[in-house]
Structures are given as C-alpha cells and as structure tokens.
Amino acid sequence: MTDLHIFDLDETLIAGDSSSLFCEFMCDQGWMDKTNFLAEEARLMDLYHKGELLMQDYVNLQVEPLKQFSKPLLDAGIQTFVSQVMLQKFYPQAIELIKRIKQQGDEVLVISATVTFLVKPIAALLELDNVLAIDLVMDDNDMPTKQIAGQVSYREGKVIRLKEWLAESGREFEHSHFYSDSINDLPLLEHVDFPIVTNPDERLAKIANEKKWPILDWRRDEALSTELHRSQATSN
C-alpha cells in the first residue's frame, strides 16, 4: 500500500505566498491602485500569520479586481502570472523531493488556503493533479465570485477537506505525511501520521522542537547558496 504525502503550497513548496504575489501582479498590471490595495493586503496577511484572519475578508479583496475581466482575459492573466512569476518560486529541494516521492509510487496532494484558480495552475507546473484549495462559486460566465463554496481549506478546515477527499476518492493509504510552514496548519500536522515542519514560522518551529517533529528548512539552504555565490563572485 502506498503513502500519501500532503503539501501546503505557500512558503512550503514556494518561496513566498502566491496570494500576495498575485495581488502584487494585479497592481503591476494596472488592475488595481497599488498603494491602498497592497496596504490592505498586507494588513490581512498580518492577521493570517497571527492565526486571526477571516478568510472571507481576503477573498473579498482578491476577487474584487477580477470583475472587470472576461473569462478568456482572466485565464490569460493567470497563465502569465504563473509562467512569469511562480515558475521560479519553487524551492529546488521541493521539486526534488516531490520527484522522489512520485518515483517511489506514493501519492502527492496539495492542500492550500489559497483560491483554487491560482493553486491548480501552480501545482500543474510540477504535474500535480490532486489539489484541495479554496473553491469559489462561479457565475454564469464561469467567473469566480466572492462566495466560498463548501468548507474552507484553512486551519481545522484542512483536516475536514482531507477527510472528505479520502471518502470521495475511496483511496486508502498506509501512512500520511504533511509538510507545512504555518502555525495555521497545526491541526493537520497533528492529524497525520508523520508531520514534517517545512520552512516554519517562529511559533511552529517552537512547537516542532517541543514535539520533536522533523524540520526541513530550505530557506536556510537557499541563503547559504546565495552567500556562497556572493563569496565566489567577490573572490573572482
């Protein structure tokens, strides 16, 4: 029987937060006024990192600029964002780890508190098809509305979404592994067989040390690599 390896997306597989990066992209494209929009986005992200965010507030902010577009134009914008911004954000270690997991025949699932219309094309860059993210009700033109559909994949909601996915798919796995950076994902980390704290925030790192959970820190590896390149450039 195979194992299931579950990955958070933002700050875990990628260096950065895809929702924040998409908001910056929208401003760079002239879709929204940069100053007020990004200030509000930063305020909401601060609440997220404190574990105090109401996800509906963030969805409201992120979806508002999209009302001006048709479905083809929005899809084109998202593809530009994914190819120009997100492609280089994956940690090389994450790419290699997922490659090894797939080679050994295990299943990979991405579960994220970011909206599905961003997570799916980003996950597709690594040929990952199993995605659980924040689903939105679509309007008659297949455009996302601000209405969240079903359970939000955020905090305890990730455990619920995982259980629903397992029940609906009829899949059974010998062991479950979950990789995440965020204190918001503590419920799912405590739910799986093998929690692997990855690029953790300060609060999660403390808990991981107390519980003796393994910690991967690809940020440190990236920083060491950058410093090495700088030293080599200086010596040359």
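The values are calculated or read from the model by the stated rules, or taken from the named source; none is laboratory data. Because the structure is a prediction, the values reported are computed rather than measured. Neighbour counts are summed over all protein chains in view; Cβ atoms, including those assigned to glycine, are modelled from backbone coordinates with ideal geometry. Ligands, DNA and RNA are stripped out before the accessible areas are found, and what is left, the full protein with its side chains, is counted by its heavy atoms. Shrake-Rupley method; radii C 1.70, N 1.55, O 1.52, S 1.80 Å.
Couple of notes before you dig in:
- Among residues of the stretch 87-136, those that are in a strand (DSSP E or B), closer than 17 Å to LYS158 by Cα and of a type outside the set (A, V, I, L, M, F, W, C), counted: 2
- First in the stretch 100-124 and free of Cβ contacts under 8 Å to residues at least 24 places away in the same chain and open to solvent by 10 Å² or more (accessible area, probe 1.4 Å), second anywhere and part of a strand (DSSP E or B) and among the small types (Gly, Ala, Ser), Cβ under 7 Å, 6 or more apart: THR116/ALA133
- Restricting GLN56, GLN68, GLN88 to those that are within 24 Å of TYR179 (Cβ to Cβ), open to solvent by 20 Å² or more (accessible area, probe 1.4 Å) and of a type outside the set (A, V, I, L, M) reduces the list to GLN88.
- Residue that is surrounded by the fewest Cβ atoms within 10 Å (Cβ to Cβ) [pool: residues in the stretch 131-143 that are under 25 Å from GLN84 (Cβ atoms) and within 13 Å of the chain's Cα centre (by Cα)]: VAL131
- Of everything in the stretch 10-25 that is part of a helix (DSSP H, G or I) and touching a residue at least 40 places away in the same chain (Cβ under 8 Å), the residue that is nearest to the chain's Cα centre (by Cα) is SER18.
- First in the stretch 40-66 and closer than 15 Å to THR114 by Cα and among the charged types (D, E, K, R), second anywhere and outside any helix (DSSP H, G or I) and at pLDDT below 95, Cβ under 7 Å, 6 or more apart: none
- Residue in the stretch 220-227 that is in contact with a helix residue (DSSP H, G or I) (Cβ under 7 Å, 6 or more places away or on another chain) and crowded, with 20+ Cβ neighbours inside 10 Å present: no
- For GLN147, the conditions (1) farther than 30 Å from ALA76 by Cα; (2) in contact with a strand residue (DSSP E or B) (Cβ under 9 Å, 6 or more places away or on another chain); (3) at pLDDT 95 or above are fulfilled apart from (1).
- Where GLY30 falls short, out of the listed (1) assigned to a helix (DSSP H, G or I); (2) surrounded by fewer than 16 Cβ atoms within 10 Å (Cβ to Cβ); (3) of a type outside the set (Val, Ile, Thr): (1)
- For LEU4, the conditions (1) farther than 20 Å from GLN151 by Cα; (2) open to solvent by 20 Å² or more (accessible area, probe 1.4 Å) are fulfilled apart from (2).
- Scanning the stretch 145-203 for residues that are assigned to a loop (DSSP other than H, G, I, E, B), under 19 Å from VAL119 (Cα atoms), of a type outside the set (D, E, K, R) and open to solvent by 20 Å² or more (accessible area, probe 1.4 Å) yields a total of 5.
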